[in-house]
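These notes concern the structure reproduced below.
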Amino acid sequence: MRIYQIYLVLFCGVLLLVGGCQGMFSEKKASLMDYDAEAKELLAKMTLDEKIGQMIQSETTGMKDWSDIETYYLGSVLAGGSADPKSGNDPASWATEFETVMAHSMKTRLKIPVLFGIDAVHGHSNIVGATIFPHNIGLGCTGSAELVEKCAHATAVEMKATGIHWAFAPCVTVPQDERWGRSYEGFSENAELVSELGAAAVKGLQGDGLAASDSVLSCAKHFAGDGGTAVGSSTLDGGIMDQGDTRCDEEVFRAIHLKPYGPAIAAGTASIMPSYSSWNGLKCSASKYLLTDVLKKELGFDGFLISDYEAIKQIDPDFKKAIGISVNAGMDMAMEPGRYREFFKNLKELVEEGTVPMSRIDDAVTRILRVKIAMGMMADGYDYHADRAKMAVIGCKEHREIARQAVRESLVLLKNDDKLLPLDKGAGKVFVAGVSADNIGDQCGGWTIDWQGRSGDITDGTTLLEAVKATVSEDTEVVYSAGGEGAKGADVAIVVVGEKPYAEMRGDRANLVISEEDKSVVRKVKASGVPMVVVLYSGRPIVINDILGDSDAFVAGWLPGTEGEGLTDVLFGDYGSSGKLSFTWPRDMSQVPINVGDGKADALFEYGFGLETFEK
């Protein structure tokens, strides 16, 4: 055999071996385009009314009548941040509502099921009893794509136990100003880290494929630039940044705000939510350049776009005109909680008048149908009923352990004088102070049970106070004071301070200095002479100079969720502290905003900072 023939045989053998290994270890996942022919076959059977209906998402609380799902052929329904079923906020009630919605869609001529969406941004967080994971700012400090994927997958499993199959997550924003009230929804100020963790979240939610029993449809958001809005650029009353204008050139816009979307698309996200915000004065939801030229053509996104909550009306005072602008720009589905009937009428008129071409409608509906087919919703024998036998998975021990791990790995130790941490489990007396120390609502933050979240006993979980009591020895006395009185005589004090729950719009703050109430608690404990560790609950770096010096140890706890024992795991040394700041921490308000590479020196704590304790 000649030498070139030998090489040819060897080369072919290597190709066969590699191909065989790939077949054994990594089955190629289906592309949405694999379902294009089936989608177009179904599209050809649809009337204009049926097509327009697929492009509309109503809200459970905004529905005039459930039969409107049939009358308007609605393609989707959402349950907003405070849209609980009338029968109660429990898994069975959610499953019943899901099944009711689905049943109405199955009465339509073509029996195209609706997509049911929910804001499961840090767990199945609308539902009492679900596992609530740390908000993204905390997960960013873990730096662990593997852990983020595990949290997202657990969320998907709990969602599917109620039937719900579409999460408006992950948020892949890159916050550049701590004053923005949605900063905690971003993993980091660093676009590289956001890209990595955002892709991991997509993989966790969508799992081994959209049709899998433990997978849900993800939705990367908010495209694009929501984290870069300028102070005073919002048109909202009382808002200073939210839904405002990101003002920068295209090079900066691409390097920071567009960057996470390529990895999210590569990871398989099949829906994307354009932002309320603008880029240099033009609403993203009205930008054909961003939605069609960049996202769909340049980045190759084959899924569909869903507008944010009533976002289209912000484009123009004339609602009909706004609809035409957005749909022609590339919007595929409109989130219209209460105006869905009006949207239907207006879009039909726009098509009949020739303002919106039929080709644009067909493209939008094809994209929506591709996803539904990929999710197995158009398969013969599709069962839309929730698997009630699996409801025990909601808030289960396995998922709470994942959340607990996420809490302890998200904590960032900012100060540890004289190695106060780890604390002694066998101390004679441990003093715990601060109103948030025994408040599961404060511990979870916004987007928990209610849209804005709320303080108090809102769901099942373990507060820090409860975790301390469960961690120390049975002979240790644990004393609690919300206001900080009575610390004298204790061996150590744990003081919890920080922000109260908030979400979009209401979370914007011009002044990030720690509150007078929190200062008072810290000063009272300081006056007692007891060694003190301060734990801060916050959705962003807060100006803490007034209390940092009074503490002996200081922990950035972020918004940890339901598993308070993740905090005590580190405080009492069962695990070492390992979290690293995914945001730069300002020294005072004169430095805000502050980010890596902006030329501002002397931050209180640099990006990536985090002290470590040794694991026992």
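Of the residues that sit in the range 61-80 and are over 12 Å from P337 (Cα atoms) and in a loop (DSSP other than H, G, I, E, B), which one is least open to solvent (accessible area, probe 1.4 Å)? Show your work before the answer.
Here is the first cut: in the range 61-80, the residues over 12 Å from P337 (Cα atoms) are 65-73, 75.
So of that shortlist, the ones also in a loop (DSSP other than H, G, I, E, B) come out as 65-67, 72-73, 75.
Numbers: D65: 76, W66: 74, S67: 42, Y72: 46, Y73: 65, G75: 0 Å².
By that ranking, first place goes to G75.
Do you know which residues across the range 212-229 are open to solvent by 10 Å² or more (accessible area, probe 1.4 Å), touching a residue at least 24 places away in the same chain (Cβ under 8 Å) and not in a helix (DSSP H, G or I)?
Result: S213, D214.
Check G539 against each of (1) closer than 18 Å to S436 by Cα; (2) in a loop (DSSP other than H, G, I, E, B); (3) out of contact with any His (no Cβ under 7 Å at 6 or more places or on another chain) and name the one condition it does not meet.
All conditions are met except number (3).
Among the residues of the range 166-192, what is the count of those that are buried (at least 24 other Cβ atoms within 10 Å of the Cβ), out of contact with any Asp or Glu (no Cβ under 8 Å at 6 or more places or on another chain) and in a loop (DSSP other than H, G, I, E, B)?
Final tally of qualifying residues: 7.
Which ones in the range 436-488 are open to solvent by less than 60 Å² (accessible area, probe 1.4 Å) and of a type in the set (D, E)?
D442, D450
Which of the residues spanning the range 310-323 are crowded, with 24+ Cβ neighbours inside 10 Å and more than 22 Å from G227 (Cα to Cα)?
I323
Does the range 572-594 hold any residues that are among the hydrophobic types (A, V, I, L, M, F, W, C) and either open to solvent by less than 40 Å² (accessible area, probe 1.4 Å) or on the phi > 0 side of the Ramachandran plot (or both), and which are they? Break it down stepwise before answering.
As a first pass, look at the range 572-594 and keep what is among the hydrophobic types (A, V, I, L, M, F, W, C): 572, 581, 583, 585, 589, 592, 594.
F572, L581, F583, W585, V592, I594, listed by residue number.
With respect to V121, is the statement that it is outside any helix (DSSP H, G or I), over 30 Å from F609 (Cα atoms) and open to solvent by 10 Å² or more (accessible area, probe 1.4 Å) true? Full working, then the answer.
Numbers: outside any helix (DSSP H, G or I): yes; over 30 Å from F609 (Cα atoms): no; open to solvent by 10 Å² or more (accessible area, probe 1.4 Å): yes.
In short, no.
Any residue that is within 22 Å of G62 (Cβ to Cβ) and charged (D, E, K, R) - is there at least one of those in the range 298-311? So that I can check it myself, show each step before the final result.
First, pick out the residues of the range 298-311 that are within 22 Å of G62 (Cβ to Cβ): 304-311.
Subsequent filtering for residues that are charged (D, E, K, R) retains 308, 310.
Checked the range 298-311: at least one residue is within 22 Å of G62 (Cβ to Cβ) and charged (D, E, K, R).
Kindly provide the set of residues from the range 244-275 that are among the hydroxyl-bearing types (S, T, Y) and assigned to a loop (DSSP other than H, G, I, E, B), ordered by number.
Within the range 244-275, the subset among the hydroxyl-bearing types (S, T, Y) is 246, 261, 269, 271, 275.
Once the filter is applied, which keeps residues that are among the hydroxyl-bearing types (S, T, Y) and assigned to a loop (DSSP other than H, G, I, E, B), the range 244-275 yields T269, S275.
From (1) more than 30 Å from K107 (Cα to Cα); (2) open to solvent by 20 Å² or more (accessible area, probe 1.4 Å); (3) not β-branched (V, I, T), pick out the condition that doesn't hold for M391.
Going through (1) more than 30 Å from K107 (Cα to Cα); (2) open to solvent by 20 Å² or more (accessible area, probe 1.4 Å); (3) not β-branched (V, I, T) one by one, M391 breaks only (1).
Under 7 Å by Cβ, and 6 or more places apart or on different chains, what pairs join a residue from the range 377-398 that is in a helix (DSSP H, G or I) with one that is surrounded by 15 or more Cβ atoms within 10 Å (Cβ to Cβ)?
These pairs meet every condition: R388/A95; K390/A161; M391/P91; M391/A161; V393/V157; V393/E158; V393/A161.
Is it true that I137 is aliphatic (A, V, I, L, M), open to solvent by less than 10 Å² (accessible area, probe 1.4 Å) and part of a loop (DSSP other than H, G, I, E, B)?
Numbers: aliphatic (A, V, I, L, M): yes; open to solvent by less than 10 Å² (accessible area, probe 1.4 Å): yes; part of a loop (DSSP other than H, G, I, E, B): no.
So I137 fails the test.
For G597, only one of the following conditions fails: (1) buried (at least 16 other Cβ atoms within 10 Å of the Cβ); (2) free of Cβ contacts under 8 Å to residues at least 24 places away in the same chain. What is its number?
If we test G597 against (1) buried (at least 16 other Cβ atoms within 10 Å of the Cβ); (2) free of Cβ contacts under 8 Å to residues at least 24 places away in the same chain, just (1) comes out false.
Which members of the range 262-300 meet the condition of being polar (S, T, N, Q) and open to solvent by 20 Å² or more (accessible area, probe 1.4 Å)?
Taking the range 262-300 as the starting set, the residues that turn out to be polar (S, T, N, Q) are 269, 271, 275, 277-278, 280, 285, 287, 292.
Across the range 262-300, the qualifying residues are N280, T292.
Hey, among D550, D518, D569, which residue is open to solvent by 20 Å² or more (accessible area, probe 1.4 Å) and either farther than 25 Å from P422 by Cβ or among the acidic types (D, E) (or both)? Even if it seems obvious, please write down each step before you answer.
Values: D518 fails: open to solvent by 20 Å² or more (accessible area, probe 1.4 Å); D569 fails: open to solvent by 20 Å² or more (accessible area, probe 1.4 Å).
Answer to the check: D550.
Can you tell me which residues in the range 37-47 are touching a residue at least 12 places away in the same chain (Cβ under 8 Å) and either under 13 Å from L110 (Cα atoms) or touching a Ser or Thr at 6+ places or on another chain (Cβ under 7 Å) (or both)?
Let us first name the residues in the range 37-47 that are touching a residue at least 12 places away in the same chain (Cβ under 8 Å), namely 38-40, 42-43, 45-46.
Scanning the range 37-47 gives A39, K40, L42, L43, K45, M46.
Could you please let me know if V432 is crowded, with 22+ Cβ neighbours inside 10 Å, touching a Cys at 6+ places or on another chain (Cβ under 6 Å) and of a type in the set (V, I, T)?
Criteria not met by V432.
Report yes if some residue within the range 568-588 is of a type outside the set (V, I, T), outside any loop (DSSP other than H, G, I, E, B) and under 30 Å from T229 (Cβ atoms); otherwise report no. First the steps, then the outcome.
Keep residues of the range 568-588 that are of a type outside the set (V, I, T), which gives 569, 571-583, 585-588.
Filter once more, keeping what is outside any loop (DSSP other than H, G, I, E, B): 569, 571, 585.
Within this subset, residues satisfying the condition of being under 30 Å from T229 (Cβ atoms) are 585.
Within the range 568-588 (the criterion being of a type outside the set (V, I, T), outside any loop (DSSP other than H, G, I, E, B) and under 30 Å from T229 (Cβ atoms)), the answer is yes, since at least one residue qualifies.
Output the number of the condition that S307 fails; it satisfies all remaining conditions of (1) in contact with a strand residue (DSSP E or B) (Cβ under 6 Å, 6 or more places away or on another chain); (2) free of Cβ contacts under 8 Å to residues at least 40 places away in the same chain; (3) open to solvent by 30 Å² or more (accessible area, probe 1.4 Å).
Unmet for S307, out of (1) in contact with a strand residue (DSSP E or B) (Cβ under 6 Å, 6 or more places away or on another chain); (2) free of Cβ contacts under 8 Å to residues at least 40 places away in the same chain; (3) open to solvent by 30 Å² or more (accessible area, probe 1.4 Å): (3).
All but one of (1) farther than 30 Å from Y502 by Cβ; (2) open to solvent by 20 Å² or more (accessible area, probe 1.4 Å); (3) assigned to a loop (DSSP other than H, G, I, E, B) hold for K86; which doesn't?
(1)
If M241 meets every condition in (1) farther than 23 Å from V596 by Cβ; (2) part of a loop (DSSP other than H, G, I, E, B) apart from one, which number is that one?
(1)
Go through F98, F116 for me and flag whichever is surrounded by 24 or more Cβ atoms within 10 Å (Cβ to Cβ) and in a helix (DSSP H, G or I).
F98
Residue-by-condition table, conditions (1) over 11 Å from V365 (Cβ atoms); (2) small (G, A, S); (3) open to solvent by 20 Å² or more (accessible area, probe 1.4 Å); (4) modelled with pLDDT of 95 or more:
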| position | (1), (2), (3), (4) |
| --- | --- |
| Q22 | yes, no, yes, no |
| E27 | yes, no, yes, no |
| L32 | yes, no, yes, yes |
| Y35 | yes, no, yes, yes |
| E38 | yes, no, yes, yes |
| E50 | no, no, no, yes |
| Q54 | no, no, no, yes |
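Is there any pair with a first residue in the range 267-278 that is at pLDDT below 95 and a second that is β-branched (V, I, T) whose Cβ atoms are under 8 Å apart and which are 6 or more apart or on different chains, and what are they?
none
Could you please give the count of residues in the range 326-352 that are in a loop (DSSP other than H, G, I, E, B) and crowded, with 24+ Cβ neighbours inside 10 Å?
So the first thing to find is which residues in the range 326-352 are in a loop (DSSP other than H, G, I, E, B), and the list is 330-332, 336-339.
Going one step further and asking which of them are crowded, with 24+ Cβ neighbours inside 10 Å, we end up with 330-332, 336.
Count: 4.
For the subset of the range 605-614 comprising residues that are open to solvent by 30 Å² or more (accessible area, probe 1.4 Å) and either at pLDDT 90 or above or not in a loop (DSSP other than H, G, I, E, B) (or both), which member is nearest to P175 (Cα to Cα)?
First, the residues of the range 605-614 that are open to solvent by 30 Å² or more (accessible area, probe 1.4 Å): 606-609, 611-612, 614.
Those still in the list that are either at pLDDT 90 or above or not in a loop (DSSP other than H, G, I, E, B) (or both) too: 606-609, 611-612.
Working: E606: 16, Y607: 13, G608: 16, F609: 18, L611: 24, E612: 26 Å.
Residue satisfying both the conditions and the ranking: Y607.
Give me a count of the residues in the range 508-523 that are assigned to a loop (DSSP other than H, G, I, E, B) and charged (D, E, K, R). Show your work before the answer.
Just the residues of the range 508-523 that are assigned to a loop (DSSP other than H, G, I, E, B), to begin with: 508-512, 514-515.
Okay, now just the ones that are also charged (D, E, K, R), so 508-509.
Residues in the range 508-523 being assigned to a loop (DSSP other than H, G, I, E, B) and charged (D, E, K, R): 2 in total.
Please determine whether any residue of the range 534-541 is open to solvent by 10 Å² or more (accessible area, probe 1.4 Å) and within 30 Å of the chain's Cα centre (by Cα). Step through it out loud before you land on a result.
Quick first cut of the range 534-541, residues open to solvent by 10 Å² or more (accessible area, probe 1.4 Å) only: none.
Among the residues of the range 534-541, not one is open to solvent by 10 Å² or more (accessible area, probe 1.4 Å) and within 30 Å of the chain's Cα centre (by Cα), which makes the answer no.
The values are calculated or read from the model by the stated rules, or taken from the named source; none is laboratory data. What you see is a predicted model, and the numbers here were worked out from it, not measured in a lab. Note that each Cβ is placed from the backbone with ideal geometry, even for glycine, and that neighbours are counted across all protein chains shown. Note: accessible area is taken over every heavy atom of the protein model, side chains too, but ligands, DNA and RNA are not part of it. Shrake-Rupley method; radii C 1.70, N 1.55, O 1.52, S 1.80 Å.
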